[in-house]
Amino acid sequence: MATITAAPPAVDALRADFEHHLRLTLAKDRYTATDRDRYYALALAVRDRLVERWIATQQTHHKQNVKRIYYLSLEFLIGRLLGNNVINLKLEETCRQAMSELGLQWEPLRDHEVDAGLGNGGLGRLAACFLDSMATLGLPAIGYGLRYDFGIFNQRIVNGNQVEQPDEWLKLGYPWEITHPEFSFPVEFEGRVESRHGREWLWVDTKSVVGMPYDLPVVGYGGETVNTLRLWSAKAAEEFDLDDFNRGEYVDAVENKVLAENLTKVLYPNDNIFEGKELRLKQQYFFVSCSLQDILRRFKSDGNSWDAFPDKVFLQLNDTHPSLAIPELMRLLVDREGLGWDQAWEITTAGTGYTNHTLLPEALEKWPVNMLARLLPRHLQIIYEINGRFLRDVSCRYPYDVDRLSRISLIEEGAEKHVRMAHLAIVGSCSVNGVSKIHSELLTKEYLRDFADYWPAKFNNKTNGITPRRWLLKANPPLSQLITDAIGERWITDLEELRKLEPLAADSAFRSAFEAAKRVNKQVLDRIIRHRLGITVSPDSLFDVHVKRLHEYKRQHLLVLYIITLYNRLKHNPSLDIAPRTFLFSAKAAPGYAMAKLIIKLIHQVAEVINRDPQVADKLKVLFLPNYRVSLAERIIPAADLSEQISLAGTEASGTGNMKLQLNGALTIGTLDGANVEILEEVGRENMFIFGMTAEEVEARRPHYNPWDIYHADEEIRLAVEMIERDFFNLMEPGIFRPITDALLVGGDHYMLLADLRDYIQTQERVDQAYKDRDAWLSKAILNVARAGKFSSDRTIREYASDIWRVSPCGAASH
């Protein structure tokens, strides 16, 4: 008689809680429950296991009166949480067994979760990785952001064109959030400023909106620390005007409610192009005002004196979006708490840090003075006071240097005056950091040189990182298991442990196992491609991947020009011996960014021609997977062989996609831009493919650069451009790609694609030869994984904690 093995208590408990929530929370039974209901019930059961630890963490931080980090970011691209939380709680096998006993499969159930619509791309994903690392390292931290009703749009492709659809991510409910209306705060707009006795300032006749917090747990690996992500949702101060209703003005009765709640209705669909829209400014102020009122409430409830503020609070501004925190904190301290200006300014600057994320002029925020005067009159007054005092100090050091004062002023003069938000963030912070070595050098030597000369000690570098829990342990189970079997599991919280893999790059058995793991991931991606595009790809082909936001500086169309060149070579010589390639793109373009959307259309038209050509069918495939997001990235990145990081040198601040792809065993082809420079330092030039001009060479060549010279001198490049210009890929829509070729030739090729293209083509030829030598390629891929340790967000956060925040771990996670 067979022995029946009893399920472990944890499995029984999870199964019981799942059934409890399905029946008593969702009012469903086995006959009426949908898969979505089952996912929701499981998420609630897992959340139950977080709550006690969550409460215990917050109690410990309160009792010990710790210094907390407040990470202010308009975006948190957190992706799906069920799988991530289960992994960090070490409950994956428990979930799998509990669901199996109910006749359910854990993975499909997990994947019913919708990606949270709280961010666009790199900026928001970095913030999510940082929260994971802060919790894993046991650092007391709270993230603050906005709870957008509609997140980054869902992307459909219709006839090769991007079509945006609303992202109703909250439509069916969201199991991870808990509302705390008792911690709601009023936020004021408009009105005017009055003086009282010539000393005090009153902001009066304002219009109010209420910010209501929704809390999400952020659990560190091992489950010891559970921090909080607090998101603010706008509510009307008065839900309903009964007088209007009684007069029969039914629409007017709810008008204020609709206008107020529009504040957090939608996420702006880009994070790298500044749009000076009033709603965006109101979002930014609403977010920082709610957050600061909450921070001051918590600080005062712990019984602290104002002198202790920098020892208990640190605000980290994730780019310039939260920079209104500086005048808002000054307003709260001076107007509401009665502190003098000098004490309030010392508190503000000592407790604030600013992370710069961009070198692109079009991304730098500059708000019209007239708009600020109308919406936030008291804050504009404070900004002018900050600027006046700052310029007075600068003029003492650099007397009569009017040009310098003009360059560093918080106010940009002109036909319409603007407030430079980056300057405000720099002046109001004790620390300003870039996010890669080259980025930080460019900031201090070029873009922010005047500030760096004045405050050299204020500037520092913190190279970005990614969380290995999400981007290897969760995203790539085959490789994760192989690594753990080889070196143990300490790498999960100490990514430098991957160095132990280096000797295995020469081990044929390990190379074979590594290749098998990569093949499993390619087969998974192939199934997704077949399901979504109806195209079959070969797992034996080289998966050449360009996945990131669509922007001209990221140069997706540089890869397109190479694809056309390779296609022409194959048409000219069908027997050309190349490794079969699958070129895979995935990206969203900002809805108003016409050129980026046109590049998406070009990718699709080129793909349609190449994929339909039987002469190259066994050599080339070009694919575009729509609706790029975290959960799709988790499928694409583990399957990639080649990582395209081909931005023009000097334009990418860091990038984190390059790190994710390296960690998953892809070799990088890229320029010396962003974090590519540091990847090169770690892996060596022999283990990646570097091409193109350096940032210094770009600046030296730009003044006399003429793309026509290359066009006329290089026949192969000219043919590729002419095929786009002469409608080879779009015979039914003649002329639609003229803006692309005009930008390359007539417009001066601002991102210098043609200048780098020949070197890029030749470097791709080296890629082709390298991929044919399977053992050598696998050795390079293994060494890329082994040398990815520097790019853990745990390392980045440790550097922030020791160099800027001066904060220590607290609680069990610190042991």
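The values are calculated or read from the model by the stated rules, or taken from the named source; none is laboratory data. The model shown is predicted, which means the values in this text are computed figures rather than measured ones. Counting neighbours? That spans all protein chains shown, and the Cβs are built from the backbone with ideal geometry, glycine included. Note: areas computed on protein heavy atoms with side chains; ligands, DNA, RNA excluded. Shrake-Rupley method; radii C 1.70, N 1.55, O 1.52, S 1.80 Å.
Some notes on this structure:
- Dipole check for the stretch 334-476: with +1 at the C-beta of Lys and Arg, -1 at the C-beta of Asp and Glu, and the Cα centre as origin, the magnitude is about 640 Debye.
- Chymotrypsin sites (Phe, Trp or Tyr not before Pro) within the stretch 359-453, DSSP loop, no more than 15 other Cβ atoms inside 10 Å: Tyr400
- Karplus 3J(HN,Hα) series, Hz, for the stretch 695-709 with 6.51 cos²θ - 1.76 cosθ + 1.60 (x for Gly, Pro): 4, 5, 5, 4, 5, 5, 8, 3, x, 10, 6, 10, x, 4, 4
- Amide H within-cut-off set for Phe624, under 5 Å, with H built and near neighbours excluded: Phe585
- Rolling a 1.4 angstrom probe over the stretch 318-379 with all protein chains present gives an accessible area of which 48% lies on carbon and sulfur atoms.
- Cα-only Debye scattering, the chain: base-10 log of I(q)/I(0) at q = 0.05, 0.09 Å⁻¹: -0.28, -0.92
- Cβ crowding within 10 Å averaged over residues, with 434-442, 468-476 ranked highest first: 468-476, 434-442
- The share of accessible area on the stretch 728-815 that comes from carbon and sulfur is 54 percent, using a 1.4 angstrom probe.
- Taking 31 Å as the limit for the C-alpha separation, the pairs Lys445/Lys772; Lys171/Lys597; Lys474/Lys588; Lys90/Lys500; Lys366/Lys588; Lys90/Lys518 exceed it in the case of Lys445/Lys772.
- Peptides 753-761, 567-575, 709-717 ranked from most to least packed give 753-761, 709-717, 567-575, packing being the mean of other C-beta atoms within 10 angstrom over each peptide's residues.
- Rolling a 1.4 Å probe over the heavy atoms of the protein chains gives the chain an accessible area of 38 Å² per residue.
- DSSP bridge analysis restricted to the chain gives an antiparallel fraction near 40%, rounded to the nearest 5.
- Here the peptides 196-206, 405-415, 152-162, 667-677 are ranked by packing, the mean other Cβ count within 10 Å, and the order with the highest first is 667-677, 152-162, 405-415, 196-206.
- Compactness check for the stretch 499-658: Cα Rg over 2.2 N^0.38 Å is 1.10.
- Computed from point charges on the beta carbon alone (+1 for Lys and Arg, -1 for Asp and Glu), the dipole magnitude for the stretch 272-328 about its Cα centre is near 160 Debye.
- For Val187, the residues whose amide H sits under 5 Å from its own are Val209, Val210, Gly211, ignoring neighbours fewer than 5 places away on the same chain, with H placed 1.01 Å from N.
- ³J(HN,Hα), Karplus 6.51/-1.76/1.60, whole Hz, each residue of the stretch 632-641, x for Gly, Pro: 6, 4, 5, 9, 6, 4, x, 8, 6, 9
- The stretch 51-155, accessible surface, carbon-and-sulfur percent (1.4 angstrom probe): 50 percent
- Karplus 3J(HN,Hα) series, Hz, for the stretch 372-377 with 6.51 cos²θ - 1.76 cosθ + 1.60 (x for Gly, Pro): 5, 4, 7, 7, 9, x
- Between Ala666 and any residue 5 or more places off or on another chain, the built amide H atoms are never under 5 Å apart.
- Tensor-based shape of the stretch 61-194 (alpha-carbon gyration tensor, a/c under 1.5 rounded, otherwise prolate or oblate): oblate
- For the stretch 74-205, size of Cβ-based charge dipole, Lys and Arg +1, Asp and Glu -1, in debye: 240 debye
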